[in-house]
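> Handing you this structure, nothing more for now.
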Amino acid sequence: MNKKIAITFLCVALTQFAWAEEKTASGKSLSKNPVSAEAEKVFRDSFRVDSPKYWSQRLEQDETMKLCSQYKDNPPVAVRQKIELAQKATIRYPVDGKLLGDWKEGEKIAAHGRGGHIGFIQPDKPMTPRGGNCYACHQLAAKEVAYGTIGPSLHHFGKIRGNSDEIVKYAYDKIYNSNAFSACTNMPRFGLHSWLTPEEITHVVAFLMDPESPVNKD
Amino acid sequence: MIQRLIRTLVGAAVVAAFAGSTAAQDSKVADELAKYREALADGNPADLLEVKGEGLWAEKRGPKNASLEQCDFGLGPGKLDGAYAQLPRYFKDTGKVMDVESRLVHCMVTLQGFTREQATKNWFSKPGTESDIEALVTFIGAKSNGKPINVPATHPEEKKMYQIGEYIFYRRSGPQDFSCAICHGQNDKRIRLQDLGNLTTKEGAGTAMKTWPSYRVSQGAVWTMQRRLIDCMRQARFPEPNYLSDSIVALQVYLQKNATGTVMETPGIKR
């Protein structure tokens, strides 16, 4: 009897321990920030109350953002899978179903990094087109040397992978919702947030895939 | 000092020739920054502002016709040597964790009799409008040059602000899913050609924090840490936080604690 109680206690203790010491894929120990509720209030209270409403909407977090923040972008496997599954379901396609657009348009979108800056000090002019800003993080065409390294090099993307329907769809899906493939990636969810339209995404896909695109040609 | 000022004036002229660069020329600016640094080794335009700040510090101003010389930045009234390097910290008289700018505004209100609105009206300079706060912070910052950053955040209120800062650092939202960490949470990355420090490490946070306030070549102005962090929010496509808001102070506690031990080299000069 005593033994049974002891085992029960041990099990409870172990469960508690596992809860507190949840490990991520990389083995880093993670506990929830102990002041997160207060921190969220401090953060929210830092913004002017007379800001336009669409500004404050940018402070809202969906479930993915909340989980990624909580786990410092490195969630445990089960959470990761849950996020990826839910995000996959959000992907929408152009009405005509064509996923390959005009690579020359895609080249412009990839290079353009302005748009969407708000605030009172240095906002973008209203109606400034939003760019994909791909070069901020990725190498693409060889001729553009000012590329960032936060994301992998995409030089010769189509040349290396071929242009099967599967690869085209993968490229579209990844740009539309990057979290469908790797939860809490640094890459924005361009389609989900309507940062780029489905049509604009097809142009970027063409920029990545077309044999004539400088991504593949040079 | 005179010789240093002359070099500074020459330096300012060189920088003015390059200033006005737009974001589209960011990469060119980055390339040429090494050249500026060489040319301006002794002639950071921020030195001019430091001299102006020194004057403002001692000048009797405001409704109370008082100087700031009795302002206490944590080491005692008027004690500025090394004070910046130990901020933000908890202040008993206000019951708040304050950064250099919060404390400076507090002193402008309590010692000089300015209203908070008057004190913060020109918290950053615009073309044609100078900022006393920028000048004063540059002066106060320079008084920590050569001193190690020391923000252990051991007081319970400081510790809490560190945790709040850490929470905000990793908090993702907005139309690009951004947080501070996506650009500043890894080693050896760059955005376009700009190197990104890993601000979660002593090395990365130290390299970033030791040179503020800093003259920004692309902006043609000295930026304080408040200005720097408020602009980070803009770049992340977030709304604009209020000047001196707790979020910005909390982020500074997070960054300064991570940077603790790094020797200050301020005022700096940056892209």
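> Using only alpha carbon pairs under 8 Å that are at least six residues apart, calculate the relative contact order of chain A and give it in whole percent.
Working: 296 pairs, mean separation 49.6, N = 218.
Normalised by residue count, the contact order of chain A is 23 percent.
> What average count of beta carbons from other chains do you get within 10 Å of the Cβ of residues in A:48-59?
The per-residue average across the peptide is 3.
> Quick check: from the Cα gyration tensor, does the stretch A:103-217 come out rounded (a/c under 1.5), prolate or oblate?
Prolate, since a/c reaches 1.5 and a/b exceeds b/c.
> Can you give the accessible area of B:MET108 in Å² (nearest 10), computed on protein heavy atoms with a 1.4 Å probe?
10
> Right, something else. For the protein assembly as shown, what is the accessible area per residue in Å² when the probe is 1.4 Å?
Working: 23580 Å² over 489 residues.
Solvent-accessible surface per residue comes out at 48 Å².
> Of A:GLY115, B:VAL217, A:TYR54, which is farthest on the positive side of the dipole of the protein assembly as shown, counting Cα position, with +1 on Lys and Arg Cβ, -1 on Asp and Glu Cβ, and the Cα centre as origin?
Farthest towards the positive end: A:TYR54.
> Here's a follow-up. Put simply, what bits of the stretch A:186-209 lose 30 Å² or more of accessible area when the other protein chains are there, versus the chain on its own (1.4 Å probe)?
A:ASN186, A:PRO188, A:HIS193, A:TRP195
> Measure nothing fancy, just the Cα-based angle from helix A:77-88's long axis to the longest principal axis of chain A, in degrees from 0 to 90, nearest 10.
40
> Could you report the buried accessible area between B and A, both sides summed, computed with a 1.4 Å probe and given in Å² to the nearest 100?
Values: alone 13700 and 14400 Å², together 23580 Å².
In total, this chain pair buries about 4500 Å².
> Could you name the lysines whose alpha carbon sits less than 27 Å from that of B:LYS92, not counting residues in the same chain fewer than 8 places away?
A:LYS41, B:LYS60, B:LYS64, B:LYS79, B:LYS121, B:LYS143, B:LYS147, B:LYS159, B:LYS160, B:LYS210, B:LYS257
> Share of the protein assembly as shown's accessible area from carbon and sulfur, percent, 1.4 Å?
Values: 12990 of 23580 Å².
Within the protein assembly as shown, the accessible surface is 55 percent carbon and sulfur.
> Among B:174-186, A:152-164, how do they line up from the highest to the lowest mean number of other beta-carbon atoms within 10 Å?
The peptides rank, most packed first, as B:174-186, A:152-164.
> Sum -39500 (n - 2.57) across every DSSP H segment of at least 4 residues in chain A, then divide by the residue count to get the 222 nm mean residue ellipticity, nearest 500.
-12500 deg cm²/dmol
> What does the average come to when, for each residue of peptide B:193-203, you count the partner chain Cβ atoms lying within 10 Å of its Cβ?
Neighbouring Cβ atoms belonging to other protein chains average 1 per residue here.
> If I model a spin label at A:VAL145 and B:GLN235 as a point 7 Å from the Cα along the Cα→Cβ vector, what separation in nanometres do I get?
So the label points at A:VAL145 and B:GLN235 sit 2.3 nm apart.
> Separate question: Excluding same-chain residues fewer than 8 positions from B:LYS189, which aspartates and glutamates have a Cα within less than 16 Å of its Cα?
Answer for B:LYS189, where 16 Å is the Cα cut-off: B:GLU203, listed by chain and number.
> Taking R0 as 25 Å, what's the FRET efficiency between B:GLU69 and B:LYS92 from their Cβ-Cβ distance, rounded to 0.05?
On the way: r = 21 Å, r/R0 = 0.83.
Calculated transfer efficiency: 0.75.
> May I pose another question? Report, by chain and number, residues whose modeled amide H sits under 5 Å from the one on B:VAL263, excluding near sequence neighbours (fewer than 5 apart, same chain).
Answer set, sorted by chain and number: B:ILE149.
> If the viscosity is 0.692 mPa s and the temperature 37 °C, what Stokes-Einstein diffusion coefficient in µm²/s follows for the stretch B:156-270 when Rh is the Kirkwood radius over Cα pairs? Walk me through the numbers on the way to the answer.
Working: Rh = 14.5 Å.
Estimated via Stokes-Einstein, D reaches 226 µm²/s.
> Amide H neighbours of B:LEU196 under 5 Å, counting only residues 5+ apart in sequence or on other chains, H built in-plane at 1.01 Å?
Amide H neighbours of B:LEU196: B:LYS189, B:ARG190, B:ILE191.
> Please list the non-local residues whose amide H lies under 5 Å from the amide H of B:ARG216, H modeled 1.01 Å from N, same-chain partners needing a gap of 5 or more.
Here the answer is B:ALA221, B:VAL222, B:TRP223, B:LYS270, since their amide H atoms fall under 5 Å of that of B:ARG216.
> Please give the length that would be gained between A:ARG92 and A:ASP50 if that part of the chain were fully extended, namely 0.36 nm times their separation in residues minus their C-alpha to C-alpha distance (nm, one decimal).
On the way: separation 42, 0.36 × 42 = 15.12 nm, distance 3.47 nm.
Full-extension gain reported as 11.7 nm.
> Note down the relative contact order for the stretch A:57-146 as a percent, whole number, built from C-alpha pairs under 8 angstrom at least six residues apart.
Reported relative contact order: 18 percent.
> How large is the accessible surface of A:LYS41 in square angstrom, using a 1.4 angstrom probe and rounding to the nearest 10?
So the heavy atoms of A:LYS41 present about 130 Å² to solvent.
> For q = 0.08 Å⁻¹, what log10 I(q)/I(0) does the protein assembly as shown give under the Debye formula with an equal point scatterer on each alpha carbon and no solvent?
Per q value, in the given order, log10 I(q)/I(0) is -0.56.
> How compact and how long is chain A, expressed as Rg and Dmax of its alpha-carbon atoms in Å?
For chain A, the Cα-based Rg and Dmax read 21.9, 77 Å.
> Shifting gears a bit: Applying the Karplus parametrisation 6.51 cos²θ - 1.76 cosθ + 1.60 with θ = phi - 60° to the phi angles of the stretch A:55-68, what ³J(HN,Hα) value in whole Hz is obtained for each residue in order, glycine and proline being reported as x?
Residue by residue, the stretch A:55-68 yields 5, 5, 4, 6, 8, 5, 10, 7, 4, 4, 4, 4, 5, 5 Hz.
> Just counting partner chain Cβ atoms within 10 Å, what average do the residues of peptide B:220-231 show around their Cβ? Mind showing how you got there, number by number?
Details: counts 0, 0, 0, 0, 0, 0, 0, 1, 0, 0, 4, 4.
Whole-number average of other-chain Cβ neighbours for B:220-231 is 1.
> Another question, then. Apply 1/(1 + (r/R0)^6) to the Cβ-Cβ distance of A:HIS156 and B:GLU59, taking R0 = 56 Å, and write down the FRET efficiency to the nearest 0.05.
Details: r = 63 Å, r/R0 = 1.13.
The value I calculate is 0.35.
The values are calculated or read from the model by the stated rules, or taken from the named source; none is laboratory data. Predicted model only: the values in this text are computed from it and were never measured. Here the Cβ is made from the backbone with ideal geometry for all residues, glycine too, and neighbour counts use every protein chain on show. What goes into the accessible areas is simple: the full protein's heavy atoms, side chains included, and nothing from ligands, DNA or RNA. Shrake-Rupley method; radii C 1.70, N 1.55, O 1.52, S 1.80 Å.
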